[in-house]
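Below: the structure, in structure tokens.
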Amino acid sequence: SDNYPQVKRDNKFKKLTSDDLEYFGSILSPQEMIVAKDCDELNLYNTDWTHKYKGQSNIVVKPKSVEKISLIMNYCNKERIAVVPQGGNTDLVGGSVPVFDELILSLSNLNKIRSFDGLTGILKCDAGAILEEVDNYLKDNGHLFPLDLGAKGSCQIGGCVATNAGGQRLIRYGSLHGNVLGLEVVLPDGTIMDGMHSLRKDNTGYDLKQLFIGSEGTIGIITGISILTPTNPKATNVSFLAVNNFKDIETVFKKAKNDLNEIMSAFEFMDMKSMQLTKKHLNETDGNISFPLESDYPFYILIETSGSNKDHDDAKLEKFLEDVMGDETVIDGTMAQDVSEIENLWKWREMIPESCQAEGAVYKYDVSLPLSQLYSLVELTNAKLAKDGLLYDPEINAEGQVIGAVGYGHIGDGNLHLNVAAKEYNKTIEKCLEPYIYEAVSDLKGSISAEHGIGFQKKKYLHYSKSPVEIKMMKDIKNHFDPHGILNPYKYV
Ligand code: FAD
Ligand code: 2HG
Ligand code: ZN
């Protein structure tokens, strides 16, 4: 289709035969396999979350054990059958779905918690465990998962590690590169690497697990994760604020780092247009929820604090809010009073991705930029869309196919999410945006992916963020682990 430019199926990969199906059937039960042409269930595994990419695989295997995964990989490697590892399929760069007829290896049946140590906080679990379920389990045990994101109800721990997902708590707990203590990985030839270590300190040579964190399913199937989890802070506060311009967000952020310091656990921003799209979408789908503030403002900030002493946190946050509202940096705001209000405020932030594609399509750019220039990319993009005559406006340009470029994201990490909401995916819009946006990011010395990865979408654009020497080294690593290139082909490297 239009979204698959200039890629051809690589004929070195075998087309599945009845013998292959028979082999899979000999090691998997009927519940561990989906094989049927065009059935609805298969469609779900073939289609990505944004409905931009659609593969044509006729088979999903869902093994219940690491040993079965090992047997399957060993067989696929020998037979040159291409394989796409799939977790919760919430990937936003087209990485989790096949491009052609690759076999889909879903981790969803490998979903147990293996062990938890309440003293050290070290959790060991299967890759297919769902983030929200693991987080709930940990909360019952006085801890929490050091990563939180809007897709928590579907995404899997293995998928998060495979993309090195960042999310809303990174500002507080750091990245998975720091929290993951060990991994169990099935290599492309079926070898099981048992690295489920539980040591915080282990300087015995190359840190092999790091290669798999963020590898996006290109060099191994992650089957087990050992991770350090923090104790669950008992007191949580969330405030939702409005400011007049982006510069004021910087001011509030600087002050929050100083005054809220160790209790700050999230600092997110949203622009007016992203909230307008979310209002529209939530009105249509969730009539019970009303916008937290009286009117529209140019920018919004969501600040979360979490600590161990409610009175202490309340006092700090109240003083902070008094200051920023007193000098009118913050022009309006509200604070959640209980757990359900906290959830409601977060909803306004977490529903933006879904709302941006409610009109049919969305072009997503997930970039790191120097903080002071972070929002300029949204302005540049809207100007470019207007110049190319693509912006919809009922009075001036009723033919326009683009609703607009919106900006939001994780300010604390210098991570902008630029979403271009459109009515459909088409080449004209794509040509207007790419490589324009990647060039702009590169000029500003940013990264073309802050947290979602490269996948299929940004494959052509890796050189905007990596040097030729770095790309060569990445290819060497890929070839070392996967000499036949069977794992997640056509993507990344
Ligand atoms: P999938 O989408 O299934 O796969 C992701 C990639 O990893 C694919 O390349 C796949 O081949 C590979 N893979 C999956 N499982 C394995 C495995 N066990 N072994 C090897 N490779 C594997 N990301 C952020 O970083 N921060 C956010 O705040 C954030 N918010 C999101 C909000 C929404 C609403 C959505 C839809 C997505 C969001 N994401 C975010 C995108 C993010 O990448 C995923 O949510 C998550 O990391 C993917 O997990 P998953 O289990 O769905 O993996
Ligand atoms: C978020 O922070 C996610 O909400 C998704 O990373 C961002 O959809 C996006 O562009
Ligand atoms: Zn994000």
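Any read-out appearing in this document is the output of simple, stated calculations on the displayed coordinates, not a laboratory observation. If you're wondering where the values come from, they're calculated on a predicted model, not measured in any experiment. So basically every Cβ, Gly included, is an ideal-geometry build from the backbone, and we count neighbours across all protein chains shown.
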### Message
Starting from a Cα-only point model with no solvent, please compute log10 I(q)/I(0) by Debye for the stretch 89-216 at q = 0.16 1/Å.
### Response
-0.84
### Message
With 18 Å as the cut-off, how large is the P(r) tail for the stretch 72-138, expressed as percent of Cα-Cα pairs?
### Response
52 percent
### Task
Tell me what the chain gives for mean residue ellipticity at 222 nm when only DSSP H runs of n ≥ 4 count, each as -39,500 (n - 2.57), the sum divided by the residue total, rounded to 500 deg cm²/dmol.
-9500 deg cm²/dmol
### Query
Which ordering of L123, L16 is given by a fewest-first count of other beta-carbon atoms within 10 Å?
L16, L123
#### Entry: Principal axes of the chain: Cα extent on each, largest first, Å
72, 60, 47
### Query
Which of rounded, prolate, oblate describes the stretch 303-347, given a ≥ b ≥ c as roots of the alpha-carbon gyration tensor eigenvalues and a/c under 1.5 marking rounded, otherwise prolate only if a/b is larger than b/c?
oblate
### Ranked K310, K8, criterion: other C-beta atoms within 10 Å, fewest first
K8, K310
### Alpha-carbon centroids, the stretch 244-287 and the stretch 371-443: separation in whole Å
19 Å
### Message
Let me spell out the model: positive unit charges on the Cβ of Lys and Arg, negative unit charges on the Cβ of Asp and Glu, origin at the Cα centre of the chain. What dipole size does that give, in debye rounded to 20?
### Response
1800 debye
### Task
Set Lys and Arg Cβ to +1 and Asp and Glu Cβ to -1, take the dipole of the chain about its Cα centre, and tell me which of L390, S106, I437 lies farthest positive.
S106
### Message
Could you tell me the relative contact order of the chain? Use alpha-carbon pairs under 8 Å, at least six residues apart, and round to a whole percent.
### Response
16 percent
### Task
Would you order M275, M351 from fewest to most other beta-carbon atoms within 10 Å of each residue's own beta-carbon?
M351, M275
### Query
What does the highest-first list of 141-152, 294-305, 97-108 look like by mean Cβ count within 10 Å?
97-108, 141-152, 294-305
### Summary
Check: C-alpha center the stretch 167-199 vs C-alpha center the stretch 18-73, spacing in Å is 25 Å
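Could you size up the charge dipole of the stretch 180-326 around its Cα centre, putting +1 on the beta carbon of Lys and Arg and -1 on that of Asp and Glu, and report it in debye to the nearest 20?
Charge dipole of the stretch 180-326: 180 debye, to the nearest 20.
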### Query
What are the lysines whose alpha-carbon lies under 17 Å from the alpha-carbon of K347, with same-chain residues fewer than 8 places away excluded?
K152, K273, K279, K280
### Query
What is the spread of the Cα atoms of the stretch 354-454 along each of their three principal axes, largest first, in whole Å?
37, 26, 22
## Note on the structure
When the charge dipole of the chain is computed with +1 on Lys and Arg Cβ and -1 on Asp and Glu Cβ about the Cα centre, the Cα farthest towards its positive end, among N488, G167, F291, belongs to N488
